[in-house]
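Readers should treat all values here as calculations from the given coordinates under stated rules, not as data from a laboratory. Computed from a predicted model, the values in this text were never measured in an experiment. Glycine also receives a Cβ, built like all others from the backbone with ideal geometry; neighbour counts cover every protein chain displayed.
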Amino acid sequence: MRLYHMLKYMGESDIQSATMTQYLEIEVLGNPAMMAKKTSFAELDGVLKDGATITELANVDPVFNAYIDYMRKGYFYTLNGSADVDENGDIKEGAYERFIEGNINMERPVSSVLILTDGVLKIYWDYDGNDYVVGRYEFREDFIMESFGIEVSYKIEDRYYVG
């Protein structure tokens, strides 16, 4: 499993010879992206559609298992503290819906970005009462995706693909 952050160097000097202070002058661009195996958009054909569950997608690409872990548990134990967790550590009823709605209200819908062999895929998630489901998705063959108001290139060299 690999996690990718697209960065923009903000310093004036060459990144190769930058001091630690200069090196820290970077800006993180857009959403992080993940990859568990080399997957093409065609491999998701027939499974990726509005209403498809994240569990169905995990049967095609194991990267979705990391998103499942985060969206079903991790978020509620890290970013959200204990507001949506009971004394036994279980997620409270309605928490998943509040997670989706809260992010929409902040104009940051819950989404996943995947770097595929033939483009970049961004999935926007909803919750149907039982599982996270695809609300909509966007695929770009040019690897450029709008994220938080800017265009981000998710193109990577072949050597950085998993597998």
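Ranked for footprinting exposure by Cβ neighbours inside 10 Å, fewest first, ASP50, ASP158 give ASP158, ASP50. Once backbone amide H atoms are built at 1.01 Å from N, SER147 has VAL152 as its partners under 5 Å, excluding neighbours fewer than 5 places away on the same chain. Taking chymotrypsin sites (Phe, Trp or Tyr not before Pro) across the range 116-163, the ones in a DSSP loop with at most 14 further Cβ atoms lying within 10 angstrom of their Cβ are PHE148.
Run the numbers for SER40 and VAL85: contour at 0.36 nm per residue of separation, minus the present Cα-Cα distance, in nm. Mind showing how you got there, number by number?
Details: separation 45, 0.36 × 45 = 16.20 nm, distance 3.69 nm.
Extending this stretch completely gives an extra 12.5 nm.
The charge dipole of the range 59-163, taken about the Cα centre with unit charges on the Cβ atoms of Lys, Arg (+1) and Asp, Glu (-1), comes to about 200 debye, rounded to the nearest 20. When you filter the trypsin sites (Lys or Arg not before Pro) in the range 95-159 for DSSP loop state and at most 14 other Cβ atoms inside 10 Å of their Cβ, you are left with LYS155. Placing a label point 7 Å from the Cα of GLU141 along the Cα-to-Cβ direction, the residues of the range 103-119 whose backbone N falls under 20 Å of that point are 114-119. Partner lysines whose Cα lies under 26 Å from the Cα of LYS92, excluding those fewer than 8 positions away in the same chain, are identified as LYS73. All other residues whose Cβ lies under 11 angstrom from that of LYS49 are scored, Lys and Arg at +1 and Asp and Glu at -1, for a net of -2.
Cross-link partners of LYS155 among lysines, defined as those whose alpha carbon lies under 17 angstrom from its own and excluding same-chain residues fewer than eight positions apart: LYS8, LYS37, LYS38, LYS122.
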